[in-house]
Each structure stands twice: as C-alpha cells, then as structure tokens.
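Read the structure below first, then the notes.
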Amino acid sequence: MLLMWLFGSLACFKFGVEGFQSRYTSIPSKPTFSHAGNDVTFTWRYHLTHSDRANFKVVVFGIWMNGDISIPLVSVLRNGSAIFYSNRVSWLGNKTMASFRLHKVSIDDDRVYGCKLDFGAFDVLDSVRLTVIAAPQIKKSKNHQLAQVKVSEGQSVVIPCKVTGNPPPWISWSQDGRVLQNSTRKHDLLINSAEEHMTGLYRCRAENEAGVDKYDVLLLVISCDHQSGDVAFHAQENKAKTQHNLDGLSKFHAQATLASTLVVVFALFVIFGAYFFFRYTGARNKRPRKYTKMPQDEQARSLLGEWSSFTDNGAKI
Ligand SMILES: *[C@@H]1O[C@H](CO)[C@@H](O)[C@H](O)[C@H]1NC(C)=O
Ligand SMILES: *[C@@H]1O[C@H](CO)[C@@H](O)[C@H](O)[C@H]1NC(C)=O
Ligand SMILES: *[C@@H]1O[C@H](CO)[C@@H](O)[C@H](O)[C@H]1NC(C)=O
C-alpha cells in the first residue's frame, strides 16, 4: 500500500517535471486528410525551456519510420536557414512554430510524417499519418477504342482492370447489369473456361467515397469447332449480339473512311487544278520557266503534306 502510494506520487512528480520541459503545445490533426492534388500543411507549435533554447540545433520534417525520421524532407537550422531535400515541400514556420507544406499530394504521399526538434542530447518527436483521398482511376488504352479481349473456347482468360484510388475502391465486374464479382482486392476478372455464350460487353466499375470510374471490355470467345448443333446455335446468337455491340464502331469507321476518301479526291482535284492553271498561265505569259516553277512546286508539296497528314489520321481511326 505504501509502495503504491510512493510509486503514485513519484509518477506525479515526474509528470509535473515534464510539464516544464520543452514540448509540442499543438500538433496536426491525426490522421490528416487531404484530397489528391491539394496542398497539405502540417503545423507543430512548441514551447522550449530556457536551457533547451540554448541547445536547440535543428528542426527536421520528413518521412517517419520505426520511431524516427527516416527520410528528411526539410531541415531548418537555429539561425533560420532551411535545407530542402525535396522541391515539393516548403517551410512556413518561425521560432515558435514548425510548419511545413507538402504541395500537390498524390496517393504516393499517403504515409506517416514526423517532426523532430533536435537538441543534440535528446529530441522532441511527433508523427502524423497523412491519408490522401483519391477518386478511382482505371487505366485505359490511350486511343479511346473499345478494349477487346479474345479467347478460344475452353481456354481461361484474365480481363484486366487496373485501378488506383484511396480508400481502396470497390471494384465490380458486371455483364448486362448482372454483377459477377465485387471486391476491394480483386481487380481482374478471371474466366476459367470460356464458352461462346460468354461473348459480350463486360464492365469494370470502381467506386469509393471520392468518386466512380468505369471501363468496358468486349470479350470475344472464338469457337474451335461448329460440329455440335448446340454450339453452332450459340455461335449464331453471339454473332448477332457482338454485331449489335460493334454496330456503333463500324458506323464510325464507315464515316471515317468516307471522310478520308473525300479529302483525297479533293486534294487530287486541287493538285490537278493548280497544275493546269500554272501550265496555262505559264504558256500565255511566256515567262521564264524558272519563275513559275517555284511557287507551283511549293504549292503541290504543301498540298501533298496536307494529304499525307490526312491519311495519317485515317490510319489512326
Ligand atoms: C546558418 O548556419 C549555417 C551553418 O551553421 C550556415 O551555413 C548558414 O549560412 C547560416 N545562415 C544564415 C542566414 O546565417
Ligand atoms: C509564428 O507564426 C505564428 C503564425 O503565423 C504567429 O502566431 C506567431 O506569433 C509567430 N511567432 C513568432 C515568434 O514570430
Ligand atoms: C459492392 O459492394 C459494396 C459493399 O458491400 C457495395 O456498397 C456496392 O454497392 C457493391 N457494388 C456493386 C456494383 O454491387
């Protein structure tokens, strides 16, 4: 009983002493939340005792690991000189306040940060977790075409859906509104044994509290043989289904082909027109050949340039 009382009063005494030591008087909110793309400011206010003030060496802000700063991002010396190890961090503090701003945070900045007041013989430490909230983003092909995955009947296939986002989004796969899979961990859709009737549009949808993203993939199951009447029937059915899905695309292709044909015809018309015009005027004026030749060649070349750039576009579509 007496020992417990002694221990208790000792603890009180020790706590009382610590109250007078150098310490943080205010710290950042834990965890600190930020949306991706924003700037985040971490501020620690502190109180230094008179003797600690004399021993103060440096305040360091950086990435925290195992109870200390493992990667410094900024160091501020007692004379106010700041050393930056990253160009994404700035210092906003003064003699009573350590304040650091992290610019344009991304999911990669979602980690623990620390602030250390270094007095040589000891440190005053604190750490804070930064949680970066980011709407889901699905990695898509650059050319904005409908993604296609082909598989032979009976084979297995993985339809990929690469998603980033924080908190980890729910990633669901569905076909014709029927949910096939819904998970925060499984991104890809695995089809073990593809059957012809599985041909169709598959949608990957990623959602978290910050937003939603979607991605459609056309799965084409290629049949190996049509000997069984049943398979042949399914093949017909799926052909119609796929045709429906592709109708939009082929319409687009047809329009693009028509447009490029018209451009070629027009370009040829202009080239021949220019040729006959210069030939005609050249003959009438009887000017030296040298004089008319230059502009004519230049025009033809620029038209050819235009024409070839159009066909380039045509190829891209
Ligand atoms: C602060 O101190 C450091 C090292 O002691 C020195 O290199 C730096 O020039 C000083 N800066 C100022 C503003 O006095
Ligand atoms: C440090 O900055 C804070 C906030 O801008 C201010 O309230 C405080 O008075 C400043 N302290 C010194 C010593 O300049
Ligand atoms: C996936 O599951 C989550 C959690 O149960 C739910 O909120 C979400 O609506 C589901 N998504 C789909 C497409 O079913």
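The values are calculated or read from the model by the stated rules, or taken from the named source; none is laboratory data. As the structure is a prediction and not an experimental result, all values here were calculated from the model. Note that each Cβ is placed from the backbone with ideal geometry, even for glycine, and that neighbours are counted across all protein chains shown.
Some values worked out for this structure:
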{"quantity": "Every residue from the stretch 61-120 that is under 14 Å from Thr41 (Cα atoms), within 15 Å of ligand 2 (Cβ to nearest atom) and among the small types (Gly, Ala, Ser)", "calculated": "Ser90, Gly93, Ala98, Ser99"}
{"quantity": "Residue among Val149, Val105 that is of a type in the set (Val, Ile, Thr) and either buried (at least 18 other Cβ atoms within 10 Å of the Cβ) or within 16 Å of ligand 3 (Cβ to nearest atom) (or both)", "calculated": "Val105"}
{"quantity": "Selection from the stretch 46-71 of residues that are under 35 Å from the mean Cα position of the chain (by Cα) and away from ligand 1 (no atom under 16 Å from the Cβ)", "calculated": "Phe61, Gly62, Ile63, Trp64, Met65, Asn66, Gly67, Asp68, Ile69, Ser70, Ile71"}
{"quantity": "Given (1) surrounded by fewer than 18 Cβ atoms within 10 Å (Cβ to Cβ); (2) within 30 Å of the chain's Cα centre (by Cα); (3) assigned to a strand (DSSP E or B), number of the condition Gly37 does not satisfy", "calculated": "(3)"}
{"quantity": "Considering residues of the stretch 77-89 that are assigned to a loop (DSSP other than H, G, I, E, B) and more than 11 Å from ligand 1 (Cβ to nearest atom) only, the residue nearest to Arg53 (Cα to Cα)", "calculated": "Tyr85"}
{"quantity": "Which listed residue is touching a Lys or Arg at 6+ places or on another chain (Cβ under 6 Å), assigned to a strand (DSSP E or B) and of a type in the set (Val, Ile, Thr), from Val128, Val132", "calculated": "Val128"}
{"quantity": "Unique match (being at negative phi and within 16 Å of ligand 1 (Cβ to nearest atom)) among Val105, Val74", "calculated": "Val74"}
{"quantity": "Hits in the stretch 190-218 (condition: acidic (Asp, Glu), surrounded by 18 or more Cβ atoms within 10 Å (Cβ to Cβ) and over 20 Å from Pro168 (Cα atoms))", "calculated": "Glu196"}
{"quantity": "Options Asp52, Asp108; residue that is in contact with a Ser or Thr (Cβ under 8 Å, 6 or more places away or on another chain), assigned to a helix (DSSP H, G or I) and modelled with pLDDT under 95", "calculated": "Asp52"}
{"quantity": "Selected residue (criterion: farthest from ligand 3 (Cβ to nearest atom)) from residues of the stretch 172-187 that are within 15 Å of Asp216 (Cβ to Cβ) and not in a strand (DSSP E or B)", "calculated": "Asp176"}
{"quantity": "Condition met for Lys95 (within 16 Å of Lys57 (Cβ to Cβ), more than 16 Å from ligand 3 (Cβ to nearest atom), among the charged types (D, E, K, R) and at pLDDT below 95)", "calculated": "yes"}
